[in-house]
Amino acid sequence: MTTGTVGTSRDGQRLADHDGGHDAGHDAGHGGPGRAPTVAGVEQVRRLVTEVPGPVSRRLRERRDAVLPTGVGLTLPAFVARAGGSVLVDVDGNQLLDLGAGIAVVNAGHAHPRVVEAVQAQAASFLHTCFMVTPYEAYVAVAERLGELAPVDGPTKTVLLNSGAEAVENAVKVARHATGRDAVVVFDHAYHGRTNLTMAMTAKAMPYKRGFGPFAGEVYRVPMSYPFRDPEGMTGEQAAERAVRSITTQVGADQVACVVIEPVQGEGGFVEPAPGFLPALAAWCRDNGVLFVADEIQTGFGRTGDVFALDHEGVRADLVTVAKGLADGMPLAGVVGRAGLMDAVHPGGLGGTYGGNPVACAAALAAMDVLVDEDLAGRARWVGSVARPVLERAQAEHPSIGEVRGRGAMLALEFVRPGTTEPDAAEAARVAAACHAAGVVVLTCGTYGNVIRLLPPLVITEDLLRDGLDVLVGALGGAA
């Protein structure tokens, strides 16, 4: 199967007129009149030259299945050869529109030239020493920058790690050490990772928890504010009171080391709590000597239209976990916290061999420069301003869409049986598969598997964004 370029090819310059807009070509050139911009040599258009996946990808899939365990998941078996901006080029030459961004990782886009240059320069100097043995400046610089950006009242201190799950584990370690308490409170629909402790903290059993227990103890789950599924008219403050009642009856406030929450839940379905829920919860923590821990791993670094999602309501945390968008594709995570709390842990109690790897730190410094210089938070607000009206019109036409929700460039459609709130995972899977066949990468999520989430790179061009939305809307009607 061969198709031509899909979508139009404006030059993207008009994006500068939008809130926070910046040419998504990263000043890499536009390829002449009538051509889309290019990033890392990849033209920013969706183009199919074979079916998806194509013959080369199918052969690689056979090799993959022969040597990888079945436990390693696979969403779209189109093997990537290179990427730039918002486009993935697979081994068959198809150019796929990436509305997943590596699960909210490449907020600045694939192969942003400033990030690539920083990685290349650091790799040419040295790859690793272990910061705990012989330190280097980049780790310190990342900690300084995170202290400036994170929604934590200063002074702050930071430990760098490898993954989001590792960051959550270390936040709990700090909280327990600093408070002398054991209990950890988490929420319905939460996702915090795949390690033993973070599996205990994660709500969804399949595929994350089933058959892997027993799990770490002293983890307690309470109701989340979920406006679509809460009693009609329940306010954020009322939802917080409901959660607090569960905490006090299940555990007792004086036993709780920390409350850990995603300000907008990720894998749980992009659940955005009702206004007032997070401030009320943080106030209760403050009044009871409980540490308020914000898991900003998916929501951080501009994704929701603020640098961090807590900024939306001016909430401050005691500890914040970060990863994903921190280094725009390099594995790096961290815990940022109030200095007195972080210093409560004895020397040697925090760290790891690869935590704060120098190449990943170089990428993070460049990515945080891009975050500020190109106003990625403003870009996320612009993405939301373009996408939400399209999605809401689609909701009015398709009763299978129970809710459109999210913030900034973190958007979701929840699918239900028409006229009910009964989850419809099959419809979400059907729509996602139709998008994949058309060369648009979308992801599903949700406790019930009935949510399609959109996480485009924040530098996406308007033409690509609208093209992807067109494909999604077409898929809703079976026409993608």
For Leu127 and Asp470, compute 0.36 nm times the residue count separating them, minus their Cα-Cα distance, and round to one decimal in nm. 119.2 nm
Cβ-based net charge around Cys258, under 9 Å, with every Lys or Arg adding one and every Asp or Glu removing one: +1
Could you state the principal axis extents of the C-alpha atoms in the stretch 115-373, from the largest down, to the nearest angstrom? 57, 39, 37
Which of the lysines could a cross-linker span from Lys173 if the Cα-Cα distance has to be under 19 Å and same-chain partners fewer than 8 positions apart are dropped? Lys157
Rg over Rh of the stretch 352-466, using C-alpha atoms and the Kirkwood radius, what does it come to? 1.08
Note on the chain, DSSP bridge orientation, antiparallel percent to nearest 5 equals 70 percent
For the chain, calculated [θ]222 nm from helices alone, where every DSSP H run of n ≥ 4 adds -39500 (n - 2.57): -10500 deg cm²/dmol
Most exposed first, judged by fewest Cβ atoms within 10 angstrom, Met410, Met330 run Met330, Met410
Net charge near Pro155 (other residues with Cβ under 12 Å of its Cβ; Lys, Arg +1; Asp, Glu -1) is -2
Relative contact order [Cα under 8 Å, 6+ residues apart], the chain, whole percent: 21 percent
Calculate how large, on average over all directions, the projected area of the Cα convex hull of the chain is; give the answer in nm² to one decimal. 22.4 nm²
The ³J(HN,Hα) series, computed from each phi in the stretch 467-477 with the Karplus coefficients 6.51, -1.76 and 1.60 at θ = phi - 60°, rounded to the nearest Hz and given as x for glycine or proline, is 4, x, 5, 4, 4, 4, 5, x, 5, 4, x
In nm, what is the difference between 0.36 nm times the number of residues separating Ala283 and Arg430 and their Cα-Cα distance? 48.7 nm
Förster-model FRET efficiency, 56 Å R0, Val56 and Thr248, C-beta, rounded to 0.05: 0.45
Between the stretch 337-393 and the stretch 207-231, how far is it from one alpha carbon centroid to the other, in angstrom? 25 Å
Per the rule of 0.36 nm per residue minus the C-alpha distance, extending Thr134 to His346 adds in nm 74.4 nm
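No value in this document is a laboratory result; all are computed from the given coordinates. The shown structure was predicted, so the numbers you read here are calculated from the model rather than taken from an experiment. Every residue, glycine among them, receives a Cβ derived from its backbone with ideal geometry; neighbour counts consider all protein chains shown.
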